[in-house]
Structure formats: C-alpha cells, structure tokens
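This report refers to the structure that appears directly beneath it.
The values are calculated or read from the model by the stated rules, or taken from the named source; none is laboratory data. Predicted model only: the values in this text are computed from it and were never measured. Quick reminder, even Gly has a Cβ in these numbers, built from the backbone with ideal geometry, and neighbours come from all protein chains shown. In case anyone asks, the SASA skips ligands and DNA or RNA and just uses the protein heavy atoms, side chains included. Shrake-Rupley method; radii C 1.70, N 1.55, O 1.52, S 1.80 Å.
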Amino acid sequence: PRSWKMSWIRNTSRWRRVVFFTGLVLGWEVVARLGIWPPYLLPAPSDVVATLAAGVRNGTLPIGIAISLRRLLIGFGVSILIGLPLGLLLGRSRVLDETVGSLILGLQTLPSICWLPLALLWFGLSERAILFVVVMGAVLSITVSARDSMRNIPPIYIRAARTMGAYRSKIYLHVILPAALPSIITGLKLGWSFAWRSLMAGELLYVYNIVSPRNAMP
C-alpha cells in the first residue's frame with residue numbers, strides 16, 4: 001500500500017540521519033583520542049559531555065543559560081517594540097521609505113559582528129553593549145519584513161474597505177494588519193534567528209563571573 005511505502009521511506013530517511021550523525025560523533029572521538037591536535041583545539045565528545053555535566057552539577061551552566069536567555073528575550077522584545085511600528089510606518093509613507101527605509105535596508109546587510117566596535121565605544125564592557133548588538137541584529141530585519149508586508153497588501157482590500165465606509169482606524173485594525181500578519185510573523189521568526197546570532201557575537205565581548213547565583217545577574 002502507498003501508506004506503508006511512505007512510512008518505510010520516512011523510517012529509512014530517519015535511520016540514515018541517525019547512522020550518519022552517530023558515525024560523525026564516533027569519528028570525532030577517534031580523531032580527538034589520536035592526539036593530532038591538543039585538547040583545547042579539538043576536545044573529544046566525551047570530554048565535552050563531562051564538562052557539561054560538571055557545569056550542571058556546580059550550577060554554572062543553568063545560570064549561564066538563564067543569563068543568555070534573559071539577554072535574548074530583552075533584546076528581541078526591544079527589537080519588536082522598535083521594528084514593528086517603524087516598519088509599518090515605512091510601508092505606509094513613501095517619503096520615509098525612500099529616505100529612512102533606504103538607510104535601514106543598507107544597514108541590514110551588515111553582519112552582527114560589525115556592531116561590536118560601536119558597542120565597545122559607546123557602552124564599554126557592559127550588559128548594555130551585548131543588548132545593543134542583539135537589538136541591532138534583530139530590529140533591522142523585523143523593520144524590513146514589516147515594511148514589505150505593508151507594501152505587498154493588495155490595494156483592492158483597502159479600496160473595498162473604504163467603499164464600505166470603513167474609517168482609517170478600522171482599515172488598519174480589520175484590513176491592513178490581518179493581511180500583513182503572515183508576513184509579519186515570518187519577519188519575527190527571522191528576527192529571532194538573527195537575535196540568536198547577534199547574542200553569540202555579543203557574548204564574545206566578555207563573560208560574567210557566574211560562579212555563584214548572587215553575582216550571576218549584573
């Protein structure tokens with residue numbers, strides 16, 4: 001039967017991945033144990049697992065994860081608060097789109113690591129420097145996606161709403177925003193991925209001393 005054949009194909013594909021990644025980890029372990037490179041350049045997977053387990057036992061790993069997630073959520077939240085209104089405004093204003101929109105589109109092509117020098121100059125080695133890098137990595141992509149979602153709304157939707165007597169506020173709430181919502185959500189997901197990448201770049205600046213929970217949260 002067709003259903004049995006499709007199930008067999010899915011199971012075969014799944015086992016291929018399992019075998020591939022298992023072989024990859026085993027090969028990594030073998031190469032690391034051969035001592036071709038020192039452990040600080042190529043640690044063995046077993047050593048990585050042991051280090052992670054030690055981090056869980058002494059509490060440094062959960063605290064570090066909590067700090068990184070806090071930075072990520074704060075930076076992404078600020079990016080949404082700035083990027084969504086700005087993108088919607090650019091999508092509705094031709095003048096702003098041709099001026100501010102061009103600047104944002106150009107800045108959006110910069111990798112997140114490019115904001116590190118400015119973060120150091122403006123904020124020093126501080127928490128605000130990391131948050132600045134996260135925000136700059138996510139806010140531009142969210143703004144561009146929100147702008148594109150507004151520009152891609154079929155004009156007939158707005159004309160039909162006006163013909164039926166809808167006012168500007170109702171057009172925004174019941175026509176423009178629902179029509180733009182799928183593209184906005186896509187932009188938010190893209191901004192989330194950029195926020196993760198920016199967080200990794202920002203945390204290259206420095207590492208807080210997280211030996212105890214008391215000094216973990218600056």
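Per residue, the average separation of C-alpha pairs within less than 8 Å and at least 6 apart gives region 48-139 a relative contact order of 36 percent. At a probe radius of 1.4 angstrom, the accessible area of the chain per residue rounds to 65 square angstrom. With the simple spin-label model, which puts each label point 7 Å out from Cα in the Cβ direction, the L81 to R57 separation comes to 4.2 nm. Relative contact order, whole percent, for the chain stands at 25, derived from Cα pairs under 8 Å and 6 or more residues apart.
When the Gaussian network model of the chain links Cα atoms closer than 10 Å, the mean-square fluctuations of S112, S126, S145 top out at S126.
If I compute Cα Rg over 2.2 N^0.38 Å from the structure I just sent, which labelled value in (1) 0.95; (2) 1.03; (3) 1.41 lines up? Among (1) 0.95; (2) 1.03; (3) 1.41, the one derived from this structure is (3).
Select from L140, L120, L188 the residue whose mean-square fluctuation is largest in a Gaussian network model of the chain (Cα-Cα springs shorter than 10 Å). Result: L120 has the largest fluctuation of those listed. Taking the chain as a Gaussian network of alpha-carbon nodes connected by springs under 10 Å, the highest mean-square fluctuation of the residues L121, L199, L26 belongs to L26.
Computed with a 1.4 Å probe over protein heavy atoms only, the accessible area of M150 comes to about 10 Å².
Shown is the FRET efficiency for L24 and T109, computed with R0 = 45 Å from the Cβ-Cβ distance and rounded to the nearest 0.05: 0.85. Considering only A138, A180, W37, and ranking their Cα positions along the charge dipole of the chain that arises from unit charges at the beta-carbon of Lys, Arg, Asp and Glu, the one farthest toward the positive end is A180.
Using a probe of 1.4 Å, the accessible surface attributed to E98 totals some 110 Å² when neighbouring protein chains are kept in position.
Overall, the accessible surface of region 1-125 at a probe of 1.4 angstrom is composed of carbon and sulfur to the extent of 74 percent.
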